[in-house]
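Input: a single structure, listed below in structure tokens.
The values are calculated or read from the model by the stated rules, or taken from the named source; none is laboratory data. This structure is a prediction, so every number in the text was calculated from the model and none was measured. So basically every Cβ, Gly included, is an ideal-geometry build from the backbone, and we count neighbours across all protein chains shown. In case anyone asks, the SASA skips ligands and DNA or RNA and just uses the protein heavy atoms, side chains included. Shrake-Rupley method; radii C 1.70, N 1.55, O 1.52, S 1.80 Å.
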Amino acid sequence: MLTMVEQRGDAIAAAAADRARRRVAAALRAALPGILVEISGAEIVLVGRIAPDDPRLRWIGSLVR
């Protein structure tokens, strides 16, 4: 019985994490035109060039916290 509850909890947590990744990726795509944003497993991958002093990098950092 407990195993079924644990499995259901794991499934709910995995679905919530997937939804969060998709939300963050969509926000990044909107905020960073010209930067490729992909979801790869449990990671969000950004590909492109951005200046190190660009204030949008602080915003990205705030999403990671």
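Dividing the alpha-carbon radius of gyration of region 13-65 by 2.2 N^0.38 Å (N being the number of residues), what value is obtained?
Here the answer is 1.15, to two decimals.
Mind checking the dipole of the chain: about its Cα centre, +1 per Lys or Arg Cβ, -1 per Asp or Glu Cβ, Debye to the nearest 20?
Dipole of the chain, to the nearest 20 debye: 240 debye.
Roughly speaking, to the nearest percent, how much of the chain's 1.4 Å accessible area is carbon and sulfur?
That fraction is 59 percent.
Quote the relative contact order of the chain in percent (integer), defining contacts as alpha-carbon pairs under 8 Å separated by 6+ residues.
22 percent
Relative to the first principal axis of the alpha-carbon coordinates of the chain, what is the inclination of helix 2-31, with its axis defined by its Cα atoms, in degrees from 0 to 90 and to the nearest 10?
The angle comes out at about 10 degrees.
Given points 7 Å out from each Cα along the Cα-Cβ axis, report the Glu38 to Ser62 separation in nanometres with one decimal.
2.9 nm
Which one of Ala20, Pro55, Leu2 has its Cα pushed farthest toward the positive end of the charge dipole of the chain, where Lys and Arg give +1 and Asp and Glu give -1 at the Cβ?
Of the options given, the answer is Pro55.
Using the heavy atoms of the protein chains and a 1.4 angstrom probe, tell me the accessible area per residue for the chain in square angstrom.
Dividing the accessible area of the chain by its residue count gives 79 Å².
Considering only protein heavy atoms, what is the solvent-accessible area of Asp53 at a probe of 1.4 Å, reported in Å² to the nearest 10?
Its heavy atoms expose roughly 120 Å² to the probe.
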